[in-house]
1. Can you list the trypsin sites (Lys or Arg not before Pro) in the stretch 42-94 that are in a DSSP coil and have 11 or fewer other beta carbons within 10 angstrom?
2. Would you grab the residues whose amide H sits under 5 Å from the one on Arg64? Only those 5+ places off in sequence or on another chain, please, with H modelled 1.01 Å from N.
3. Please work out which option in (i) 115; (ii) 183; (iii) 126 gives volume of the Cα convex hull per residue in Å³ calculated from these coordinates, and answer with its label.
4. Which of Phe114, Phe149 has the fewest other C-beta atoms within 10 Å, and how do the rest follow up to the most?
5. Relative contact order for the stretch 2-155: what percent, with Cα pairs under 8 Å and sequence separation of 6 or more?
6. Please rank Ser70, Ser38, Ser18, fewest neighbouring Cβ atoms within 10 Å first, as an exposure proxy.
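No lab work stands behind these numbers, since they all come straight from the coordinates. This structure is a prediction, so every number in the text was calculated from the model and none was measured. Cβ placement follows ideal geometry from the backbone for every residue including glycine, while neighbour counts extend to all protein chains displayed.
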Amino acid sequence: MDGILIFWFFSVGACVGSFLNVVIYRLPRGESLLRPGSRCPCCNHSIRPWDNIPIVSWIFLRGRCRDCGSCISGRYPMIEFVVGVWFGVSSLLALNAAPTWRISPWIFSAMIAFFGAMFFATAQIVQSGVKVPRILRWALLIASACTLFVLLSLIST
């Protein structure tokens, strides 16, 4: 049963990682996170939904655009994979330590996963040399404070 849950959390994390790719690219440029949909940076053709499945589509298409054949950076599936692993590991840790906690392991797992995702997105933007947008800095600060509060309350019991 744990294996199914971990795979589910990994899959959710990979989807979150796919969205983080959008955040990392568009937010520093002041672009909308919702519109337009994902497009090839070379031919500007819309990416079909079945070509936008985290990790799997990139492997199936061999890292190339279906329409123009240009290379799609390996950074995208790498981010999806890392965030997926982060979600899987955080769920595994939360589920295994759950009996000793006063809060739901699901809430704690979600908080750790959210904190990790915000931290990872911020780190990727910083690494690219672009200024981190204020909204992302605030999200990271709030996620950090909530996670710290929960961790301190767990230690004090």
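1. Working: sites: Arg62, Arg64, Arg66, Arg75; in loops: Arg62, Arg66.
Here the trypsin sites (Lys or Arg not before Pro) that fit, given the DSSP loop and packing criteria, are Arg62.
2. Those qualifying (amide H under 5 Å, at least 5 residues apart or on another chain) are Ile72.
3. (i)
4. Working: Phe114 19, Phe149 11.
Ranked by crowding around the Cβ, least crowded first: Phe149, Phe114.
5. On the way: 165 pairs, mean separation 42.8, N = 154.
For the stretch 2-155, the relative contact order is 28 percent.
6. Working: Ser70 12, Ser38 16, Ser18 21.
Going from sparsest to densest Cβ surroundings: Ser70, Ser38, Ser18.
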